[in-house]
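Read through the structure below, which is laid out as structure tokens, and then see the notes.
The values are calculated or read from the model by the stated rules, or taken from the named source; none is laboratory data. This is a predicted model, so every value here is computed, not measured. As a convention, Cβ positions derive from the backbone with ideal geometry for all residues, glycine included, and neighbour counts pool all protein chains shown. Areas reflect the complete protein model, heavy atoms only, side chains present, ligands, DNA and RNA absent. Shrake-Rupley method; radii C 1.70, N 1.55, O 1.52, S 1.80 Å.
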Amino acid sequence: MSDSSSGTTRKHTALPKAQILIEALPWLTRHHGRTVVIKFGGNAMVNEDLKAAFAQDVVFLRHAGLKPVVVHGGGPQISAALDRHGIVSEFRAGLRVTSEEAMDVVRMVLAGQVQRELVGLLNQHGPLAVGLTGEDAHTITATRHQPEIDGRPVDIGRVGEITEIDTGAIEALLADGRIPVVSSIARSQDDGHVYNVNADTAAAALAAALGAETLMVLTDVEGLYEDWPDSDEVISRLTASQLEKLLPELSSGMVPKMEGCLHAVRNGVRTARVIDGRVQHSILLEIFTDEGIGTMVVADEHEGEPS
């Protein structure tokens, strides 16, 4: 009797696990061998449990036959380091003013701290992750970005506008079964220095250049809200044209993320998704379940395709 009941218990506990795996099968088949670019940021970057879950998700994707590429910035860490060095953090047009002195700190934090920690977390699961910056092998090239405020260009220092992407180093790593972890620093096209580039923009540019299946941007919100602040209803899906109409109404923090999604889907990336990085395993929930979470952007001609 006891043998029979323990067998029944095992059957009941194992069955839901099997159902979850079967639900993931169509997505595993569709995404197999495809590149997924993931922009790592927000709370997922500073909360220890979320960082560990993120690393597990990325390694899971790799073992499930996908080719993940991680792109990161490091806003909170950069602000803290600048503070320690007595350099005031200043923002104009939503971008960090980056002096030569501040750029040294940005480079040190991104390549020497944030990237190293992320590579270490991924490599707890095997010899998988390799860190690089946009400077390496000319991966990201940029020129000086001068935003306009009240119709006039403003100098914000060593902040770059991406002009060129060379995917050679990343593709070589992917072909070798590695997980590239890219810091959002670019080489200068014209003066031998380096630039701080927005990580959302860098992730979108890399996704397009790599011909990625999906761009995923982790944020600290559930997705793009229908009518914020009057409603917290999340738009689950929209086309590039629909997103373009919404852009002028978005909060400054969401603009580079959604502009990145728009750039990606208009340049060959099949779907771009903004997902809540505060939810553990949000990446797996988005890619491998029927419901998905967050907001998905598709190119206009893909309207009507299954997600």
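What the table below lists for this structure:
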| read-out | value |
| --- | --- |
| Close pairs from the stretch 235-246: first more than 18 Å from Val221 (Cβ to Cβ) and open to solvent by less than 40 Å² (accessible area, probe 1.4 Å), partner modelled with pLDDT under 85 and not in a helix (DSSP H, G or I), Cβ under 6 Å, at least 6 apart | Thr239/Glu303 |
| Check on Ala202, aliphatic (A, V, I, L, M) and not in a loop (DSSP other than H, G, I, E, B) | yes |
| Leading residue by the ranking (modelled with the lowest pLDDT) among those in the stretch 266-295 that are outside any loop (DSSP other than H, G, I, E, B) and open to solvent by 10 Å² or more (accessible area, probe 1.4 Å) | Phe288 |
| In the stretch 89-110, the residues that are in contact (Cβ under 8 Å) with a residue 24 or more places away in the chain, among the polar types (S, T, N, Q) and open to solvent by 10 Å² or more (accessible area, probe 1.4 Å) | Ser99 |
| Qualifying positions in the stretch 153-188 - free of Cβ contacts under 8 Å to residues at least 12 places away in the same chain and more than 23 Å from Ser89 (Cβ to Cβ) | Ala172, Ala175, Asp176 |
| Candidates Ala204, Ala208, filtered to the one that is in contact with a helix residue (DSSP H, G or I) (Cβ under 7 Å, 6 or more places away or on another chain), surrounded by fewer than 24 Cβ atoms within 10 Å (Cβ to Cβ) and under 30 Å from Gly65 (Cβ atoms) | Ala208 |
| Members of the stretch 64-78 found to be at pLDDT below 95 and open to solvent by 40 Å² or more (accessible area, probe 1.4 Å), listed by number | Pro76 |
| Near pairs, Cβ below 7 angstrom, 6+ apart or cross-chain, from the stretch 71-88 (farther than 15 Å from Asp104 by Cβ) to any residue that is crowded, with 20+ Cβ neighbours inside 10 Å and among the charged types (D, E, K, R) | Val71/Lys39 |
| Pairs, first surrounded by fewer than 16 Cβ atoms within 10 Å (Cβ to Cβ) in the stretch 135-148, second basic (Lys, Arg), C-beta under 8 Å, six or more apart | His138/Arg187; Pro147/Arg92 |
| Test set (1) among the polar types (S, T, N, Q); (2) touching a Gly at 6+ places or on another chain (Cβ under 6 Å); (3) surrounded by fewer than 18 Cβ atoms within 10 Å (Cβ to Cβ) - Gln113 fails condition number | (2) |
| Of all residues in the stretch 38-73 being in a helix (DSSP H, G or I) and among the basic types (Lys, Arg), the one that is nearest to Pro256 (Cα to Cα) | Lys51 |
| Output for the stretch 33-60, where each listed residue is modelled with pLDDT under 90 and surrounded by fewer than 17 Cβ atoms within 10 Å (Cβ to Cβ) | Asn43, Val46, Asn47 |
| Given (1) surrounded by fewer than 18 Cβ atoms within 10 Å (Cβ to Cβ); (2) assigned to a strand (DSSP E or B); (3) in contact (Cβ under 8 Å) with a residue 60 or more places away in the chain, number of the condition Gln124 does not satisfy | (2) |
| Subset of the stretch 122-151 [out of contact with any strand residue (DSSP E or B) (no Cβ under 8 Å at 6 or more places or on another chain) and modelled with pLDDT of 95 or more] | Gln124, His125, Gly126, Pro127, Asp136, Ala137 |
